[in-house]
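Taking it in order: structure first as structure tokens, then the write-up.
The values are calculated or read from the model by the stated rules, or taken from the named source; none is laboratory data. What you see is a predicted model, and the numbers here were worked out from it, not measured in a lab. Cβ coordinates were reconstructed from backbone atoms using ideal geometry, including for glycine residues, and neighbour counts include every protein chain displayed.
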């Protein structure tokens, strides 16, 4: 079938190669088509090529990318999803499949008009592996592929077929979640990245320069773990306050990382092989480093991650002091940053929220 990948970054390049290697006709919709080579490759941690594909079309033409496509992978940052949906919607046909990777970030609202036109939306809770470009338009390094993935869909009746489709491309078995909201509420980057950034940069003020910064994961500390677990517990309270939905698939990080204490969580996260060497998002300046506020870790995971969790908590009337502290810090740091708003999509109350996710 024709497969289109929106975004030529880390995950986009990875999915394009996997799809092409399965014999699909693949196009990448990107603003930089001229940067793509004839052959795209996935390499492992040792730099060895384990998948390569030729014949992938890179284009900035929406018509070339989307006309007649049957499966669309959306891999752009959460803040770019509405623009991506606007480019796609003229070409949506009944039964078109749209996969958001990852599924957090409010994408179900951005692509609501596509769903109304008959598209089937699905998403995994997490990305298939750690993926980092070594050269844009050519090579991506992938490590730590998951043994299993967890998927849901809108409508949920499509979830089983969605899981089978994703398995056919990635060769990763997929478990099915009973409700898509369990994707939105996944305790992943919206609390993982945000608590770590708060822990590292909570004392940052304009003009402050850090002579040295810790590695993002390898130097993980108990201070971060305690804050992360507090946010994780608040998220579990949100889930318990929405009994009209089956949110059993929203696993606590204590279960996900098999760590019941802050100390155990620190040890677990700091020793994950796929996270080795990943730097804290920063900008080099005279005398050291300052936070890179343009990084997706900031622009996506606060404004289109933690912000969404706080809005759902407000609908459910759940207090979230730990999340509030982290979000308030970011808003003071980046007051001009646009945030996702359910109200912009006509969802301004618990009743409206329940109606949207029950549709």
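Listing for the model above:
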read-out: Filter result (more than 14 Å from residue 135 (Cβ to Cβ) and part of a strand (DSSP E or B)) within the range 30-57; value: 50, 51, 53, 54, 57
read-out: Exclusive hit being part of a helix (DSSP H, G or I) and either touching a residue at least 12 places away in the same chain (Cβ under 8 Å) or surrounded by 24 or more Cβ atoms within 10 Å (Cβ to Cβ) (or both), set 17, 76; value: 17
read-out: Flag if residue 322 is in a helix (DSSP H, G or I), at pLDDT below 95 and outside the structural domain of residue 143 (by TED's automatic domain parsing); value: no
read-out: Residues of the range 82-97 satisfying the condition of being touching a helix residue (DSSP H, G or I) at 6+ places or on another chain (Cβ under 6 Å) and buried (at least 20 other Cβ atoms within 10 Å of the Cβ); value: 85, 88, 92
read-out: Residue match in the range 329-339 (condition: crowded, with 19+ Cβ neighbours inside 10 Å and either more than 21 Å from the chain's Cα centre (by Cα) or in the same structural domain as residue 146 (by TED's automatic domain parsing) (or both)); value: yes
read-out: Enumeration of residues in the range 25-58 that are touching a residue at least 60 places away in the same chain (Cβ under 8 Å) and buried (at least 16 other Cβ atoms within 10 Å of the Cβ); value: 36, 40, 41, 42, 43, 58
read-out: Filter result (farther than 16 Å from residue 275 by Cα and part of a helix (DSSP H, G or I)) within the range 186-206; value: 190, 191, 194, 195, 198, 199, 200, 201
read-out: Where residue 335 falls short, out of the listed (1) more than 22 Å from residue 102 (Cβ to Cβ); (2) at pLDDT 95 or above; (3) assigned to a loop (DSSP other than H, G, I, E, B); value: (2)
read-out: Search result, residues across the range 101-123 that are in contact (Cβ under 8 Å) with a residue 60 or more places away in the chain, outside any helix (DSSP H, G or I) and touching a strand residue (DSSP E or B) at 6+ places or on another chain (Cβ under 9 Å); value: 101, 102, 103, 104, 123
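For every residue, the table says whether it meets (1) buried (at least 17 other Cβ atoms within 10 Å of the Cβ); (2) in contact with a helix residue (DSSP H, G or I) (Cβ under 8 Å, 6 or more places away or on another chain).
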| position | (1), (2) |
| --- | --- |
| 111 | yes, yes |
| 119 | yes, no |
| 122 | yes, yes |
| 126 | yes, no |
| 129 | yes, yes |
| 136 | no, yes |
| 140 | yes, yes |
| 148 | no, no |
| 151 | yes, yes |
